[in-house]
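All remarks here apply to the structure that follows.
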Amino acid sequence: MVLDNECYGETGGQMSHTAATANLVGVAQACGIKDARTLETMAEIEAFASGLQDVASGPRFASVKIDAANLERVLSNRDGMFVLTRLRGSLGFGPI
């Protein structure tokens, strides 16, 4: 699954290639994925999701079109020691 808002949100919202010329479903089909589709509504997503457990059908690809709204973002902490200490704590280890 690709969540595609058809723009580059991190660099100012310019149109991405999928907004104009790139066809990800076509690429997936060219790679031999028979069940490749674009999903635009919740009904389409729910119908696609209901068959995901059927692994006998082979790989699937979905390009899910999402809203390009510029919502407030919450970025993770990039301080290496903070991340390492938090990871070690969640694994049951003490601080370094």
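Any read-out appearing in this document is the output of simple, stated calculations on the displayed coordinates, not a laboratory observation. Keep in mind that this is a model prediction, so the values were computed, not measured. Positions of Cβ are generated from backbone atoms using ideal geometry, with glycine treated the same way; all protein chains shown enter the neighbour counts.
Under a 5 Å amide H cut-off, with hydrogens placed 1.01 Å from N, residue 39 pairs with 63, 64, 65 among residues at least 5 apart or on other chains. Which of the following values of Cα extents along the principal axes in Å was calculated from the structure shown: [x] 31, 30, 28; [y] 81, 25, 19; [z] 50, 39, 26? Computed from these coordinates, Cα extents along the principal axes in Å corresponds to label [z].
Taking amide H positions as modeled 1.01 Å from N, with prolines and chain starts lacking one, the residues under 5 Å from residue 5 and 5 or more places away or on another chain are 66. Taking chymotrypsin sites (Phe, Trp or Tyr not before Pro) across region 22-93, the ones in a DSSP loop with at most 15 further Cβ atoms lying within 10 angstrom of their Cβ are 93.
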